[in-house]
1. Filter segment 222-239 down to the residues that are away from ligand 3 (no atom under 16 Å from the Cβ) and on the phi > 0 side of the Ramachandran plot and list them by number.
2. Scan segment 1-42 residue by residue and report those that are more than 15 Å from ligand 5 (Cβ to nearest atom), in contact with a strand residue (DSSP E or B) (Cβ under 8 Å, 6 or more places away or on another chain) and in contact (Cβ under 8 Å) with a residue 60 or more places away in the chain.
3. Somewhere in segment 335-349, is a residue assigned to a helix (DSSP H, G or I), surrounded by 12 or more Cβ atoms within 10 Å (Cβ to Cβ), touching a residue at least 40 places away in the same chain (Cβ under 8 Å) and under 40 Å from the mean Cα position of the chain (by Cα)?
4. Looking at (1) in contact with a helix residue (DSSP H, G or I) (Cβ under 8 Å, 6 or more places away or on another chain); (2) within 15 Å of ligand 4 (Cβ to nearest atom), find the lone condition where residue 280 falls short.
5. Could you go through segment 111-120 and let me know if any residue there is away from ligand 4 (no atom under 16 Å from the Cβ) and under 17 Å from residue 229 (Cβ atoms).
6. Is it true that residue 325 is in a strand (DSSP E or B), modelled with pLDDT of 95 or more, assigned by the TED database to the domain that holds residue 133 and in contact with a strand residue (DSSP E or B) (Cβ under 7 Å, 6 or more places away or on another chain)?
7. Collect the residues in segment 51-103 that are within 16 Å of residue 24 (Cα to Cα), crowded, with 24+ Cβ neighbours inside 10 Å and within 16 Å of ligand 2 (Cβ to nearest atom), keeping them in residue-number order.
8. Is it the case that residue 10 is touching a helix residue (DSSP H, G or I) at 6+ places or on another chain (Cβ under 6 Å), more than 21 Å from residue 118 (Cα to Cα) and outside the structural domain of residue 277 (by the TED database)?
Ligand code: 13P
Ligand code: 13P
Ligand code: MG
Ligand code: MG
Ligand code: MG
């Protein structure tokens, strides 16, 4: 049976501040999806929470970009916004950037990750969900899961993975994407996806047969809204086992925390801390950024699960390391490189502050000009 797994997420109000979702909002969303399952529009549905964001996990047969499914998410988020407004929760309707639904939530604020596939005899999938960060947070782990044999042993051991994987990389500034096949184009891939402020991995396919392996939400709120309106807080779906990385190979990158952009006011670099559902409540300096992993087995489209995959003492060390990185970065206070570089801060409210000072700058030196290049100059790297 061909199944579509759609994960659509949004922050429509924080409880308290930007730290969590109020139970009444969640119940409202659950009522909507339960009703849609009953009506037959969805095979099954579930909700996940990470920080102040809620994700709708939906299975169905309408394919990706379905108006029915996007409409359900829109309705659920609108109703939850009403609850958030009534309770005066923080940033009620924060990620709802448009007032009228026109068939697809992409470009309207919510983040979307969807994939359609023939359900295998056993179909384990993992949904990752992060708060206080941006879609490029997935670049490093996706590289390690699908292109680094030192992390994913299956790339060497499983013949179905020997042909490698193709990554679709989105240039979030231009909206253009490029497909790069690994291992052949590994270095080109890394050249792009290491530039996390610009490039984000959108999809990964298995080269052996073109099967979809992973898909991520790449919507960037600041680029849609033209100003800072909160962080994107992305989701990602990864298929596991039998020709795909094993569950443990998919989780392994998260055992060694790395630094992502987001955290306080979306303006700071910080470690991505893998946590159980229970601890997906970022409060220290509104963070540090969190990620949860929800594992499901699909059975004729039914969502068997979730299993809370980071609820394992084997990730305690990663959490501890994340705390140490957090302390080191916090020592920098408002100074870079804890604070994001100036180009990134342009999408925050900082330009307003700079505008106030514009008139007060005066010249003390002639502006610096670049030195002329001579023809004999050697390359220096
Ligand atoms: P089990 O013997 O526990 O099923 O483990 C199989 C395996 O391949 C784990 O990576
Ligand atoms: P959210 O995108 O999670 O709402 O975070 C916004 C923020 O500014 C946190 O400090
Ligand atoms: Mg928020
Ligand atoms: Mg959030
Ligand atoms: Mg957000």
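The values are calculated or read from the model by the stated rules, or taken from the named source; none is laboratory data. As the structure is a computational prediction, the values presented were derived from the model and not from experiment. Note: ideal-geometry Cβ built from the backbone for every residue, glycine included; neighbour counts use all protein chains shown.
1. Here is the first cut: in segment 222-239, the ones away from ligand 3 (no atom under 16 Å from the Cβ) are 223, 226, 236-239.
Hit for segment 222-239 is 226, nothing else.
2. Result: 1, 2, 3, 4, 5, 6, 7, 16.
3. yes
4. For residue 280, the failing item is (1).
5. No, there is no match, as no residue in segment 111-120 is away from ligand 4 (no atom under 16 Å from the Cβ) and under 17 Å from residue 229 (Cβ atoms).
6. Details: in a strand (DSSP E or B): no; modelled with pLDDT of 95 or more: yes; assigned by the TED database to the domain that holds residue 133: yes; in contact with a strand residue (DSSP E or B) (Cβ under 7 Å, 6 or more places away or on another chain): yes.
So residue 325 does not fit the description; no.
7. Passing the criteria: 51, 52, 53, 54, 55, 77, 80, 84, 89.
8. Details: touching a helix residue (DSSP H, G or I) at 6+ places or on another chain (Cβ under 6 Å): yes; more than 21 Å from residue 118 (Cα to Cα): yes; outside the structural domain of residue 277 (by the TED database): yes.
Here the answer is yes, as residue 10 does meet what is asked.
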